[in-house]
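Below is one structure, written out as structure tokens; the observations come after it.
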Amino acid sequence: MGITAGRDLRMMEESCRIVRKALDEMKAVIEIGVSTASIESVGRMVIEAEGATPSFLGYNGFPACVCVSINDEVVHGIPSGTRKVEDGDLVSIDVGAFKNGFHGDAADTVAVGLPPPMALLLVQTVYEARDRGIEAAKAGNAIGDIGSAIQMRVEEEGFSVVRSLVGHGIGRKLHEPPQVPNFGRAGRGMKLTDGLALAIEPMINIGGYRVRTLQDKWTVVTADGSLSAHAEHTVIISAGSPLILTA
Ligand code: MG
């Protein structure tokens, strides 16, 4: 949706500030031996203390406030008291907050302890790819310019971009049109307009781009078992560089 009115923008900024705070406080407790449920509880406490509601809890029946996805888990991992972070893990945390009628949504991937060099390169690349996508997200450009910029950066390293999960519009609903693929051709698709709020979120794998969903009906994993990483910001399109609300 278009966020051009001053009040709507301030409300989006507030939801996104809470998301950033939740991510930062969760990242501060990620270490070897911590359970994914205790990571989630930190995020939940921040959101509730700020008078917001966790966007993900109950969304299509999702049972938690935060998605915590480790290693070959791409997204939508369900926090668990028995799943503990191990040395070398890639831990991705994805969180949304809803306040005053608007959602914010962001994700980070953290490398714990001493992961192999290739895993560290994957994490570095997902952030760089996301930022390339954000640079391409300006009014007058097309949706395809975002995906093309992301895909180019990822494939330069020999990694792959997940196809079946995409970024999205965001605002009064968590997921709104348009879809924002992390792959594609420059110049293709809808033209970006001033005030459009987007969640730009590449999911990238060391191996192939195919994914499958576990029997818990939520956790998406790489089909080949390779490592995956995820990074996401909520941004507002403008004529120049977008406003990154979850920075
Ligand atoms: Mg999202």
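The values are calculated or read from the model by the stated rules, or taken from the named source; none is laboratory data. Here the structure is a predicted model, which means the values were calculated and not measured. Backbone-built Cβ (ideal geometry, glycine too); neighbour counts: all protein chains shown. When the accessible area is computed, the model is the full protein with side chains, heavy atoms only, and any ligands, DNA or RNA have been set aside. Shrake-Rupley method; radii C 1.70, N 1.55, O 1.52, S 1.80 Å.
Overview of values
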read-out: Prolate/oblate/rounded label for the chain (Cα gyration tensor, a/c 1.5); value: oblate
read-out: Distance between modelled label sites at residue 118 and residue 172, nm, 7 Å Cα→Cβ extension; value: 4.8 nm
read-out: Selected from 111, 223, 149 as most flexible by GNM, with the chain as the system and alpha-carbon contacts under 10 Å; value: 223
read-out: Top of 60, 182, 141 by mean-square fluctuation, Gaussian network on the chain, Cα under 10 Å; value: 60
read-out: Accessible area per residue in Å² at 1.4 Å probe, computed on segment 204-246; value: 43 Å²
read-out: Theoretical gain in end-to-end length, residue 212 to residue 80 [0.36 nm per residue, Cα-Cα removed]; value: 45.5 nm
read-out: J(HN,Hα) series, segment 11-26, from Karplus relation 6.51 cos²θ - 1.76 cosθ + 1.60, nearest Hz, glycine and proline x; value: 5, 4, 4, 5, 4, 6, 4, 5, 4, 4, 5, 4, 4, 5, 6, 5
read-out: Heavy-atom accessible area order for 230, 103, largest first, 1.4 Å probe; value: 103, 230
read-out: Sequence of 200, 244 when ordered by accessible area, the most exposed leading, probe 1.4 angstrom; value: 244, 200
read-out: Residue-normalised accessible area of segment 1-132, expressed per residue, 1.4 Å probe, Å²; value: 40 Å²
read-out: For segment 141-171 and segment 8-48, distance of Cα centres in Å; value: 25 Å
read-out: Links that overshoot a 25 Å alpha carbon limit, given the list 84/173; 27/191; 21/217; 21/84; 21/191; 21/173; value: 84/173; 27/191; 21/217; 21/191
read-out: Whole-percent carbon and sulfur share, accessible surface of the chain, 1.4 Å; value: 53 percent
read-out: Potential lengthening between residue 139 and residue 35 on full extension [0.36 nm per residue; Cα-Cα distance subtracted]; value: 33.2 nm
read-out: 14 Å cut-off, amide nitrogen to a point 7 angstrom out along residue 188 Cα→Cβ, residues in segment 126-146; value: 142-146
read-out: Residues of segment 6-28 with amide N under 18 Å of the 7 Å Cα→Cβ point at residue 239; value: 6
